[in-house]
Amino acid sequence: MSNTNLKLIGGWFSPFPLRVKIALNIKSLEYDNIEETLYPKSQLLVQSNPVHKKIPVLLHGDKAICESRIILEYIDEVWNSGPSILPSDAYDRAMARFWAAYIDDKCFLAMRKCILVGDEEARKPYLEEIEDSLVTIEGELQKCCREGKGYFGGEEIGLVDITFGSLLGLMGMIETMNGRKMIVEEKHPRVVKWAERFASDPNVKGLIPEPEKLISLIWLGKELYKKE
Ligand SMILES: N[C@@H](CCC(=O)N[C@@H](CS)C(=O)NCC(=O)O)C(=O)O
């Protein structure tokens with residue numbers, strides 16, 4: 001038990017609570033981690049996130065904050081004396097939000113479909129969508145590097161890094177399922193270097209789940225998203 005009034009309802013297998021853990025680490029905030037299995041959903045989750053009933057939820061005292069990217073912004077605003085997660089400049093902040101939304105709307109959705117569909121043939125169009133988004137992300141990262149930044153957000157991990165980096169476990173899972181790498185030096189040299197750097201950052205190290213462990217939970221994803 002930590003002595004802070006922060007609790008995270010999460011699950012080791014999901015990229016979304018992982019984002020919150022990284023943000024809490026960046027701000028050096030202690031919290032109690034409550035592991036949710038989602039099958040069945042706990043009373044606490046259902047009460048704390050009655051609209052979506054999804055993880056993560058950050059409990060700050062008696063307040064519940066839902067949706068990973070909104071939680072990241074909340075953490076950044078409330079504990080604003082620590083390292084920043086969003087840029088201070090309004091335009092840069094808008095751009096960070098744009099890329100974070102792109103990563104979730106394009107890359108993550110294609111990844112989720114790819115994982116949940118049955119066979120290799122059915123995965124093909126989604127693998128192509130993932131590849132397209134990786135090329136776009138590589139282009140953006142090259143631009144950041146030309147501006148002298150090591151991460152999307154600058155010299156330190158920021159919103160876009162956390163949003164994209166939280167997907168590395170799922171990417172590893174897709175690579176294992178398909179027997180080939182998705183993020184490759186020839187096509188995405190900057191993303192390769194960025195991913196190594198991100199995964200070994202002290203605020204991230206050890207948090208990205210192993211592909212084999214994730215593969216053992218595909219049934220859960222299929223249960224949760226069978227109606228979609
Ligand atoms: N947009 C949400 C997505 C959260 C999400 O999809 N969480 C999944 C776990 S990977 C979940 O709780 N699913 C339960 C359900 O769909 O019923 C966020 O960014 O927090």
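The values are calculated or read from the model by the stated rules, or taken from the named source; none is laboratory data. Keep in mind that this is a model prediction, so the values were computed, not measured. As a convention, Cβ positions derive from the backbone with ideal geometry for all residues, glycine included, and neighbour counts pool all protein chains shown.
Residues to consider are E77, E138; find the one that is out of contact with any helix residue (DSSP H, G or I) (no Cβ under 8 Å at 6 or more places or on another chain) and charged (D, E, K, R).
E77
Hey, can you tell me all the residues within segment 17-40 that are within 21 Å of L170 (Cβ to Cβ), out of contact with any strand residue (DSSP E or B) (no Cβ under 6 Å at 6 or more places or on another chain) and within 11 Å of the ligand (Cβ to nearest atom)?
Within segment 17-40, L18, R19, T37, L38, Y39 qualify.
For segment 40-61, name all the residues that are in contact with a helix residue (DSSP H, G or I) (Cβ under 7 Å, 6 or more places away or on another chain) and either hydrophobic (A, V, I, L, M, F, W, C) or over 22 Å from L207 (Cβ atoms) (or both).
Here is the first cut: in segment 40-61, the residues in contact with a helix residue (DSSP H, G or I) (Cβ under 7 Å, 6 or more places away or on another chain) are 53, 55-59.
Residues satisfying the conditions are K53, I55, V57, L58, L59.
Taking the conditions exactly as written (away from the ligand (no atom under 16 Å from the Cβ), in contact (Cβ under 8 Å) with a residue 40 or more places away in the chain and not assigned by TED's automatic domain parsing to the domain that holds V20), does I130 satisfy them or not?
yes
Please verify whether segment 171-192 includes one or more residues that are without any contact (Cβ under 8 Å) to a residue 40 or more places away in the chain, assigned to a helix (DSSP H, G or I) and either more than 17 Å from M111 (Cβ to Cβ) or of a type in the set (G, A, S) (or both). Break it down stepwise before answering.
Narrowing segment 171-192 to residues without any contact (Cβ under 8 Å) to a residue 40 or more places away in the chain: 175-176, 179-181, 184-186, 192.
If we keep only those that are assigned to a helix (DSSP H, G or I) as well, we get 175-176, 192.
Checking which are either more than 17 Å from M111 (Cβ to Cβ) or of a type in the set (G, A, S) (or both) leaves us with 192.
Within segment 171-192, one or more residues are without any contact (Cβ under 8 Å) to a residue 40 or more places away in the chain, assigned to a helix (DSSP H, G or I) and either more than 17 Å from M111 (Cβ to Cβ) or of a type in the set (G, A, S) (or both).
Does F108 satisfy the condition of being within 10 Å of the ligand (Cβ to nearest atom), of a type in the set (A, V, I, L, M, F, W, C) and in the same structural domain as E140 (by TED's automatic domain parsing)?
yes
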